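These notes concern the structure reproduced below.
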Amino acid sequence: MANELRFRSIWISDVHLGTSGCQAEYLLDFLKHTECDHLYLVGDIIDGWALKRNWYWHQSHNDVIQKVLRKARKGTQVTFIPGNHDEAARQFIGLMFGEIKIEDEVIHTTANGKRYLVLHGDQFDAVVQCAKWLAIVGDRAYGITLKLNHWFNRARARMGLGYWSLSQYLKHKVKKAVNFVTDFEEAVAAEAKNRGLDGVICGHIHKAEMREINGVMYCNDGDWVESLTALIELPNGELKIINWQKLYGEQAEQLAALLPSPSLTPVLQLNKGNAA
């Protein structure tokens, strides 16, 4: 069995390096076992908001940065699209950092000719745009929830139970949060439709999903704090959400039958719809 998954394109976002909630070890494992022609870093890769409040930087966070830089040096076309948490990088839009392009947004054309708007998405978040102080307060509350989530899942692991996201559960239960997510998705999709594009790929709300909205395909690549998801493009242009809830060595063998191509050794979950 090959130990490498090769895709045409990969999109990841909302890594939040610089926070204790970042699942850097899983992301590093994902990057070690995947190769692609195009790698898009769709915002909030480094959490500048959190680092201003309290410096936290684990060695694994360095390792992730080094791995991305190494991929760029070896020929992967890496594009970094800053988000609101790493908005300081927006002053460098249009420039190159090593072999990495820094862009505000891009249009990606898939192998089957579909055109997608790629952007972080905070431009469509009224809270971030109109009341940044409220967004920062919400971010701190979210950080507290993630800490509770960490200890809760350590207890679950001792009992032999799998990972369960407290913060995602709360977001799905609170009506206003659900309405916000729906409004965000529809607004981003409308922007792609207004530009005559086939779809949009974004991050920001930490909710991996693929669905058609008013005739365009809405794709969110999720995050590497809770869901551990990425969006990938297969060689034929098909897009899928990929989950990395376990390390490669723990999941590859049991799922080898999901994809017939030997160059696409499967992982824990690979689907067209919502991420678990």
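The values are calculated or read from the model by the stated rules, or taken from the named source; none is laboratory data. Computed from a prediction, not measured in an experiment: that's the story for all the values here. FYI the Cβ positions are ideal-geometry reconstructions off the backbone, even for glycines, and counts take in every protein chain you see. Remember, those area values only see protein heavy atoms, side chains included, never the ligands or the DNA or RNA. Shrake-Rupley method; radii C 1.70, N 1.55, O 1.52, S 1.80 Å.
Within 10 Å of each candidate Cβ there may be at most 11 other Cβ atoms; applying that plus a DSSP loop requirement, which GluC sites (Glu not before Pro) in the stretch 220-249 survive?
Numbers: sites: 226, 233, 238; in loops: 226, 238.
Passing sites in the stretch 220-249 do not exist.
Taking Cα centroids, how far is the stretch 85-99 from the stretch 58-81 in Å?
14
Is there a pair in 74/101; 67/246; 74/207; 114/193; 32/71 whose C-alpha atoms are over 21 Å apart, and which pairs would that be?
Values: 74/101 15 Å; 67/246 19 Å; 74/207 31 Å; 114/193 13 Å; 32/71 10 Å.
In this structure, 74/207 lie more than 21 Å apart at Cα.
Using the Kirkwood formula on the Cα atoms of the stretch 10-75, what hydrodynamic radius do you get, in angstrom to one decimal?
Values: mean 1/r = 0.0815 Å⁻¹.
Averaging 1/r across every pair of different Cα atoms and inverting gives 12.3 Å.
DSSP loop trypsin sites (Lys or Arg not before Pro) in the stretch 6-99 with at most 11 other Cβ atoms within 10 Å of their Cβ, which ones? All intermediate terms of the calculation are to be shown ahead of the outcome.
Numbers: sites: 6, 8, 32, 52, 53, 67, 70, 71, 73, 74, 90; in loops: 74.
Here the sparse-neighbourhood loop sites are 74.
Quick one: Karplus J couplings for the stretch 44-58, per residue in order, coefficients 6.51, -1.76, 1.60, θ = phi - 60°, nearest Hz, x for Gly and Pro?
Per-residue couplings from phi come out as 6, 6, 10, 8, x, 4, 5, 5, 5, 7, 7, 6, 9, 8, 7 Hz.
Give the accessible area for residue 97 in Å² (nearest 10); use a 1.4 Å probe, count only protein heavy atoms, and leave out ligands, DNA and RNA.
Number for this one is 130 Å².
Determine the order of 124, 184, 80 by accessible area, beginning with the largest, at a probe radius of 1.4 Å.
Details: 124 60, 184 5, 80 35 Å².
Sorted by accessible area, descending: 124, 80, 184.
Please compute the contact order of the stretch 1-111 in relative form: average sequence separation of alpha-carbon pairs under 8 Å and at least six residues apart, divided by the residue count, as a percent.
Values: 183 pairs, mean separation 30.0, N = 111.
In percent, rounded to a whole number, it is 27.
Per residue, how much accessible area does the stretch 1-59 have with a 1.4 Å probe, in Å²?
Details: 2400 Å² over 59 residues.
Here the per-residue accessible area is 41 Å².
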